[in-house]
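Engineer: Got a structure here, written out as structure tokens. Questions coming.
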Amino acid sequence: CSSDLAAQNGISLVNANLMNANLKNVDLVNANLVNANLENANLAYADLENAYLEYANLVDANLMNANLRKANLEKANLYNANLENADLYMANLENADLVNANLENANLENANLENAYLAYANLKNAKF
């Protein structure tokens with residue numbers, strides 16, 4: 001399957017414009033999405049384990065139930081993003097903008113939240 005090959009090779013989408021894209025259930029394990037524009041993208045149930053999302057624009061993105069284990073989201077803009085039930089185990093969120101983000105029931109165990117901006121974020125039942 002081509003998506004399996006993409007995952008093995010860690011597909012590169014550096015600087016890609018994926019604004020408003022429907023990427024529900026997509027397999028982006030090990031993908032390089034540095035500086036990608038994913039504004040308002042639907043990434044619900046997406047597998048982004050170990051993905052590189054530094055500086056990515058995820059404003060208003062839907063990441064509900066997404067697997068972001070060990071993903072690097074350093075300096076990513078997740079303003080108003082929906083991360084409900086997302087798995088962010090060991091994710092790097094250093095200096096990430098999570099203002100107004102929905103992290104209800106999210107798994108943030110061992111995640112790096114150093115200098116992350118969480119004003120108005122919903123952390124109800126989030127696991128740390």
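Engineer: Could you work out, for the chain, what percent of all Cα-Cα pairs fall into each 5 Å distance bin, beginning at 0 Å and stopping at the bin that holds the largest distance?
Structural biologist: Histogramming the chain at 5 Å steps yields 3, 13, 22, 31, 18, 9, 3, 1, 0 percent.
Engineer: How much net charge surrounds Asn80 when only the other residues with a Cβ under 13 Å from the Cβ of Asn80 are counted, with Lys and Arg +1 and Asp and Glu -1?
Structural biologist: Working: positive: none; negative: Glu39, Asp60, Glu84, Asp97.
That works out to -4.
Engineer: Can you compute the charge dipole magnitude of the chain about its Cα centre, using +1 on each Lys and Arg Cβ and -1 on each Asp and Glu Cβ, nothing else charged? Give it in debye, rounded to the nearest 20.
Structural biologist: Values: 6 positive and 15 negative charges, 19 e Å.
The calculation lands at about 80 debye.
Engineer: A further question follows. What percent do you get for the relative contact order of the stretch 33-128 when only Cα pairs under 8 Å and 6+ apart count?
Structural biologist: 21
Engineer: Moving on to the next point. Mind listing P(r) for the stretch 17-74? All alpha-carbon pairs, 5 Å bins, whole percents.
Structural biologist: P(r) over the stretch 17-74, rounded to whole percents: 7, 23, 30, 34, 6.
Engineer: Taking the Cβ of Ala96 as the centre, find all other residues whose Cβ is under 11 Å away and add up their charges (Lys, Arg: +1; Asp, Glu: -1).
Structural biologist: Its environment carries a net charge of -4.
Engineer: While we're here: Below 15 Å, Cα to Cα, which aspartates and glutamates can Lys24 reach? Residues fewer than 8 away in the same chain don't count.
Structural biologist: Those aspartates and glutamates meeting the cut-off are Glu39, Asp47, Glu49, Asp60, Glu84.
Engineer: Straight-line reach from Lys127: which lysines have Cα under 23 Å away, leaving out those fewer than 8 places along the same chain?
Structural biologist: The qualifying lysines are Lys70, Lys75.
Quick note: the coordinates plus some simple rules give every number you see, no bench work behind them. Treat the numbers as computed from the prediction; the structure is a model and nothing was measured. With ideal geometry, Cβ positions are generated from the backbone for all residues, glycine too; neighbour counts draw on all protein chains shown.
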